[in-house]
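What follows draws every value from the coordinates through simple rules; no lab data is involved. Note that the structure is a prediction, hence the values are computed from the model and not measured. With ideal geometry, Cβ positions are generated from the backbone for all residues, glycine too; neighbour counts draw on all protein chains shown.
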Amino acid sequence: MRAPLPTDEPGRQAALDRYHVMESGADRSLDDLAKLAAFICRSPIAAITLISHDRQLIRGKIGIEVEQSTRDDAFCAHTILANEVMVVEDAGLDERFRDNPAVTGNPHVRFYAGAPLVTPDNFKLGALCVIDSKPRKLTPEETGALVRLSRTVMTELELRRSAADLARALLDIRTLGELIPICSYCKDIRDDKGFWSRVEEYVGTRTGSDFSHGLCPKCAKVHFPGLTIPRK
């Protein structure tokens, strides 16, 4: 059964895009966190998933080879609808999942437990989940550990996002500090792809800054000789 979309789906997708992890491929650090979750929860399979508009991508894993699936078949698409760990003790008896291809075929999922990956602004990007091929329960201690590990995964993603943002900001500063081609007449700026744009657009695109336009006394005297500019 396909999970309904979260009520904040547009904002959630925008938040997911900020982390630039959808096309990043396999990741050893995230694999290590998945292995730790599997060890603590005594499960043969664990995965760190991200839910896009139509896919579930696996960015850390142990016990499975698949790297993605459709969102329609994703257990974790249900996990991001809740604020707590979602536990399915026997998927074969759960009407949401009993006809799921992962239940009726490999890896023959019966037990699933997933903790949502929650951003600082409360968007759920995916889940850290543990899976078994036999029905079982999760102990309170295992549940708590899964939640803490999901926070560790999110901290790792947040650090990477901050580092990438800083690298882009430094590149922008370097670009603005170098010689910039500017038209002698209209003052438009040429970017590195050969396109010309207004200085406001050029700077705003690269730094995120907004412009507040005003009129300096020199230009006011030339273009508006009867206008008095108060001094602050």
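Just to check, using Stokes-Einstein with a Kirkwood Rh over alpha carbon pairs, what's the diffusion coefficient of the stretch 1-71 at 25 °C and 0.890 mPa s in µm²/s?
Working: Rh = 13.1 Å.
Reported coefficient: 187 µm²/s.
Ranking request for peptides 50-57, 10-17: highest mean number of other beta-carbon atoms within 10 Å first, then the rest in descending order. Show your work: numbers first, answer last.
Working: 50-57: 17.8, 10-17: 15.0.
The packing order, highest mean first, is 50-57, 10-17.
When 22, 86 are ordered from fewest to most other Cβ atoms inside 10 Å of their Cβ, what list results?
Working: 22 13, 86 18.
Least crowded to most crowded, the residues run 22, 86.
Most exposed first by the Cβ proxy, i.e. fewest other Cβ within 10 Å, how do 150, 69 rank? All intermediate terms of the calculation are to be shown ahead of the outcome.
Values: 150 24, 69 19.
Going from sparsest to densest Cβ surroundings: 69, 150.
Taking the Cα centre of the stretch 9-164 as origin, sum charge times position over the Cβ atoms of Lys and Arg (+1) and Asp and Glu (-1), and report the length of that vector in debye to the nearest 20. Display every interim value, and only then the final one.
Details: 20 positive and 23 negative charges, 62 e Å.
For the stretch 9-164, the charge dipole is close to 300 debye.
Translational diffusion coefficient of the stretch 9-164 at 25 °C, 0.890 mPa s, Stokes-Einstein with Kirkwood Rh over Cα pairs, in µm²/s as a whole number. Working shown, then result.
Working: Rh = 15.3 Å.
The calculation lands on 161 µm²/s.
Would you mind ranking 95, 67 by Cβ crowding within 10 Å, fewest neighbours first?
Details: 95 7, 67 13.
Neighbour counts put them in this order, fewest first: 95, 67.
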